Amino acid sequence: QPTLQAMVWYREEHYEQLRAIFDDAHLLPPTYRDWLDRAEAKKAEVEAAGDQVMKVFIDPETFPEWCEKKGLPKDAEARTQLALEVAQARSFSL
């Protein structure tokens with residue numbers, strides 16, 4: 001039974017702005033192209049295993065507010081939590 005996996009995703013025009021916001025920006029590749037190559041490879045790996053991927057785009061306007069409301073640092077763990085919440089909300093509304 002294939003599962004739906006939420007993946008954090010970025011738009012090219014937001015990448016630099018997001019890196020400036022994230023507490024753990026040093027963990028991200030320096031360029032959008034480098035990040036995208038890595039993300040596409042991971043997505044292909046997940047799909048090759050038979051699962052589906054839902055791209056959840058992180059918005060530089062709303063992400064900091066969301067983190068503040070949740071009392072979370074602006075890091076990978078928070079981005080993952082947001083992606084899971086968005087995926088769950090979308091799957092319930094289908």
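The values are calculated or read from the model by the stated rules, or taken from the named source; none is laboratory data. Quick caveat: nothing in here was measured; it's all calculated off a predicted structure. Because the Cβ atoms are built from the backbone with ideal geometry, glycine has one as well, and the counts that use them run over all protein chains shown. For the accessible areas, the whole protein counts, side chains as well, though only heavy atoms, and no ligand, DNA or RNA atoms are used. Shrake-Rupley method; radii C 1.70, N 1.55, O 1.52, S 1.80 Å.
Observations on the model:
- The stretch between Val46 and Asp24, if pulled fully straight at 0.36 nm per residue, gains 5.5 nm over its current Cα-Cα span.
- On the chain, 51 percent of the accessible area sits on carbon and sulfur atoms, based on a 1.4 Å probe.
- For Ala6, the residues 5 or more places off, or on other chains, whose built amide H falls under 5 Å of its own are Met54.
- Entry note, the chain: the mean residue ellipticity at 222 nm calculated from DSSP H runs of n ≥ 4, each adding -39500 (n - 2.57), is -16500 deg cm²/dmol after division by the residues and rounding to the nearest 500.
- Accessible solvent surface per residue of the chain, calculated while the other protein chains remain in place, 1.4 angstrom probe, Å²: 65 Å²
- Whichever aspartates and glutamates have a C-alpha closer than 16 Å to that of Lys43, once near sequence neighbours (fewer than 8 apart) are set aside: Asp34, Asp51
- For the chain, modelled as a GNM whose springs connect Cα atoms under 10 angstrom apart, the maximal fluctuation among Arg33, Arg19, Arg79 occurs at Arg33.
- Rounded to the nearest 20 debye, the dipole size of the stretch 33-94 about its Cα centre is 80 debye, using +1 on the Cβ of Lys and Arg and -1 on the Cβ of Asp and Glu.
- One way to sum up the overall shape of the stretch 40-86 is the equivalent ellipsoid from its Cα gyration tensor, whose semi-axes run 25, 10, 9 Å, largest first.
- Translational diffusion coefficient (Stokes-Einstein; Kirkwood radius from C-alpha pairs) of the chain at 25 °C, 0.890 mPa s, in µm²/s: 175 µm²/s
- Set the Cα radius of gyration of the stretch 1-51 against 2.2 N^0.38 Å, with N its number of residues, and you get 1.30.
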